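**Q** First, the structure itself, so that you have it in front of you.
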Amino acid sequence: MDDDLPDQHINIQISDTCGQCPLESDQIKNIVSTISGLFNLCNVTISIVAVNNSQMQKLNTEFLKSEKITDVLSFDLSDNDDPLKCYEIIVNSELATQEAEKRNHTPQAELALYITHGLLHQLGYDDQDQGLAMEMHKKEAEILNQLGFDFIYNEQDFVKG
């Protein structure tokens, strides 16, 4: 599904390859447009692809040479000299459902976290060390709270160990 947000020149493409996506396309569009508005994104195509554990494991092996199942993969598919940006965010719907149960919140909230996390990576956020990860988690929590998803992170997620 394609949807243009004319005021921001954002094209959103959504694909549920596994038939397990707990978020409706309108909810995904709202997440993407909210983040886009917060960061003044324009002239961008953002593709959100929902996959299952098996599909994600194959993609993770192909692109990151890791056989583990992960929650999100995020790619910048833009040409270097083209002002039009193109991001692909691949989210694991099956894992979102599993993790939501463990973390005592909804699959919708967990998947919203994955989408947010993937987009924040494209906007320059990094989680390679503890300090950067805490900064990224705080921004995710702020965005998700604004979107109406509460209690994604516990307070201890922000305490340095």
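The values are calculated or read from the model by the stated rules, or taken from the named source; none is laboratory data. All figures in this text were calculated on a predicted structure; none of them were measured in a lab. Virtual Cβ from ideal backbone geometry, glycine too; neighbours counted across all protein chains shown.
**Q** Based on this model, can you work out whether residue 44 counts as under 29 Å from residue 9 (Cα atoms), within 14 Å of the chain's Cα centre (by Cα) and buried (at least 18 other Cβ atoms within 10 Å of the Cβ)?
**A** no
**Q** What number of residues within region 78-88 satisfy the criterion of being touching a residue at least 24 places away in the same chain (Cβ under 8 Å) and more than 10 Å from the chain's Cα centre (by Cα)?
**A** Qualifying residue count for the region: 5.
**Q** Among the numbered criteria (1) more than 21 Å from residue 120 (Cα to Cα); (2) crowded, with 18+ Cβ neighbours inside 10 Å; (3) at pLDDT below 95; (4) not acidic (Asp, Glu), which single criterion is violated by residue 18?
**A** (2)
**Q** Right, something else. Checking residue 78 against (1) of a type in the set (Ser, Thr, Tyr); (2) part of a loop (DSSP other than H, G, I, E, B); (3) more than 22 Å from residue 9 (Cα to Cα), which test does it fail?
**A** Result: residue 78 passes all but (3).
**Q** Would you check if there is a residue in region 76-83 being surrounded by 17 or more Cβ atoms within 10 Å (Cβ to Cβ) and either closer than 19 Å to residue 152 by Cα or hydrophobic (A, V, I, L, M, F, W, C) (or both)?
**A** no
**Q** Scan (1) of a type outside the set (Gly, Ala, Ser); (2) at pLDDT 95 or above; (3) over 22 Å from residue 51 (Cα atoms) for the single condition residue 80 breaks and write down its number.
**A** In the conditions (1) of a type outside the set (Gly, Ala, Ser); (2) at pLDDT 95 or above; (3) over 22 Å from residue 51 (Cα atoms), residue 80 misses (2) alone.
**Q** Among all residue pairs at least 6 apart or on different chains, which show Cβ distances below 7 Å where the first residue, located in region 4-16, is closer than 14 Å to residue 91 by Cβ and of a type in the set (Val, Ile, Thr) and the second is crowded, with 16+ Cβ neighbours inside 10 Å and at pLDDT 90 or above?
**A** 12/29; 12/32; 12/46; 14/28; 14/48
**Q** Assuming residue 141 fulfils every condition listed in (1) in contact (Cβ under 8 Å) with a residue 24 or more places away in the chain; (2) under 18 Å from residue 39 (Cβ atoms); (3) among the aliphatic types (A, V, I, L, M) apart from one, which condition is it?
**A** Looking at each condition in turn, residue 141 falls short on (1).
**Q** Which residue pairs have Cβ atoms under 8 Å apart, sit 6 or more places apart or on different chains, and have a first residue in region 89-111 that is within 13 Å of residue 19 (Cα to Cα) and a second that is surrounded by fewer than 18 Cβ atoms within 10 Å (Cβ to Cβ) and of a type in the set (Ser, Thr, Tyr)?
**A** Partner pairs satisfying both residue conditions: 92/70.
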